[in-house]
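Reviewing the structure listed below.
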Amino acid sequence: MATKENDQIIKENNFETKMGLPYVLEAFTSIFKIGSISNKCRSELVLLGNVCHSTLVKRTLENTLLKGLNLATIIAKRTQTWNNCLALIGSPS
């Protein structure tokens, strides 16, 4: 998906302002580096939805500074993060 399309989806849905910066950074770290994601961040991510999560990851991957990353690994970590978020939200506390 092209940058303009990702930017349009993000703008139309106001994704960047719906999730606080600390949670965005936490999700980014769990996908693009090594890190964990808190229960509060998982809840926020699930509330925004998979379209938001996927679009923000795709847009991040378009950054020229991240050209050396293994796309398959990032997509797998994105999916793993999303599935972990859903599992936590769906399980009784």
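Before moving on, here are some points about what is shown:
- Here is the figure for segment 13-42: residues that are assigned to a helix (DSSP H, G or I) and open to solvent by 80 Å² or more (accessible area, probe 1.4 Å) total 8.
- Any hit, segment 81-88, residues being more than 15 Å from the chain's Cα centre (by Cα) and open to solvent by 40 Å² or more (accessible area, probe 1.4 Å): yes
- Flag if N39 is polar (S, T, N, Q) and in contact (Cβ under 8 Å) with a residue 24 or more places away in the chain: yes
- Tally, over segment 43-80, of residues that are outside any helix (DSSP H, G or I) and either open to solvent by less than 60 Å² (accessible area, probe 1.4 Å) or within 18 Å of N6 (Cβ to Cβ) (or both): 5
The values are calculated or read from the model by the stated rules, or taken from the named source; none is laboratory data. Quick caveat: nothing in here was measured; it's all calculated off a predicted structure. Don't worry about glycine lacking a Cβ; one is built from the backbone with ideal geometry, like all the others, and counts go over all protein chains shown. Surface areas here come from the heavy atoms of the whole protein model, side chains and all, with no ligands, DNA or RNA. Shrake-Rupley method; radii C 1.70, N 1.55, O 1.52, S 1.80 Å.
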